[in-house]
Amino acid sequence: MNYVIDKNDVLACLGHSDQPIDDKLEKLIDDTIALSYEYIKPLNVYGIFDIRLDNGKIYFTDIFEVKSEDLYKLLKYSKKAVLAAFTLGSEIEQNIKRFSYTEINKALVMDCCAAAAIESYADNVLNNISIELKNDSFNLTNRFSCGYGDFYLSHQSDIISALCAKKRIGLNCDDNNMLYPKKSMTAVIGITDNNINHKYYAGCENCAAKNICKYRKAGKTCAT
């Protein structure tokens, strides 16, 4: 399996921070994790693109451009970048909605299972890419998704278009820049020479995801 649903991540998403949980909640989480594995059908697509940084803007092989101070800092040592898209498919989303009508607690836990799964899946896919690139003497930065810092959600559609993600993995973006299926993610990852190990994390206060961030719920940040 190319992802895991870690119970600690599910608990963090639920707002728990190392406090004890009762047997009823523990059973609900364990049962829902097992059920979520049945509904998740992960897919991904990615490509490596030449990039050019100039005067605060990032240009992706003349396909699209981004003006983002945070993304600029992430890619400042890169001449190429990975564009990637990940989805868990529509079945998990449909079942979260189904349970929301009959078992709201299970729906809430399943939603957190999906959040943990998409993070794990993206990490594992990028770890495999990193291993391949290390053989060619390159490193990857951390991944940076639309909505982080000042890298606006409006660029979701640019990444989807560049990757032909709608055709290849069924991932689409609506007029409000939201992904469908919802349990999906787009990301940019810089490629650096092997002598550079560069990471960059946007500050929480300027992050568009701060109100839904699982790390903040647990009193942490994505950098820890």
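The values are calculated or read from the model by the stated rules, or taken from the named source; none is laboratory data. As the structure is a computational prediction, the values presented were derived from the model and not from experiment. Note that each Cβ is placed from the backbone with ideal geometry, even for glycine, and that neighbours are counted across all protein chains shown.
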Helices (runs of 4 or more DSSP H) within region 1-116 that include 3 or more residues closer than 30 Å to Ile196 by Cβ and within 19 Å of the chain's Cα centre (by Cα): 69-74
Single unsatisfied condition, Cys146 versus (1) modelled with pLDDT of 95 or more; (2) touching a His at 6+ places or on another chain (Cβ under 6 Å): (1)
Checking Ile104 against (1) touching a residue at least 12 places away in the same chain (Cβ under 8 Å); (2) out of contact with any strand residue (DSSP E or B) (no Cβ under 7 Å at 6 or more places or on another chain), the condition it does not meet: (1)
Among residues of region 136-164, those that are more than 13 Å from Met178 (Cα to Cα) and among the β-branched types (Val, Ile, Thr), counted: 1
Filtered residues of region 1-58 (kept if closer than 26 Å to Leu171 by Cβ and of a type in the set (D, E, K, R)): Asp6, Asp9, Glu38, Lys41, Asp50, Lys57
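Can you confirm whether region 64-86 contains a residue that is touching a Lys or Arg at 6+ places or on another chain (Cβ under 6 Å) and touching a residue at least 60 places away in the same chain (Cβ under 8 Å)?
No, there is no match, as no residue in region 64-86 is touching a Lys or Arg at 6+ places or on another chain (Cβ under 6 Å) and touching a residue at least 60 places away in the same chain (Cβ under 8 Å).
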Cys204 vs. criteria surrounded by fewer than 20 Cβ atoms within 10 Å (Cβ to Cβ) and at pLDDT 95 or above: no
Failed item, numbered, when Arg168 is tested on (1) among the charged types (D, E, K, R); (2) touching an Asp or Glu at 6+ places or on another chain (Cβ under 7 Å); (3) part of a helix (DSSP H, G or I): (2)
Which numbered condition Asn172 misses (of (1) modelled with pLDDT under 95; (2) touching a helix residue (DSSP H, G or I) at 6+ places or on another chain (Cβ under 6 Å); (3) surrounded by fewer than 18 Cβ atoms within 10 Å (Cβ to Cβ)): (1)
Top-ranked residue of region 176-191 - restricted to ones that are crowded, with 24+ Cβ neighbours inside 10 Å and not aliphatic (A, V, I, L, M), ranked as nearest to Leu43 (Cα to Cα): Ser184
Pairs where the first residue, in region 24-45, is under 30 Å from Cys164 (Cα atoms) and the second is polar (S, T, N, Q), C-beta under 6 Å, 6+ apart: Tyr39/Asn95; Leu43/Thr87
Region 1-50, subset surrounded by fewer than 19 Cβ atoms within 10 Å (Cβ to Cβ) and of a type in the set (Gly, Ala, Ser), residue nearest to Met185 (Cα to Cα): Gly47
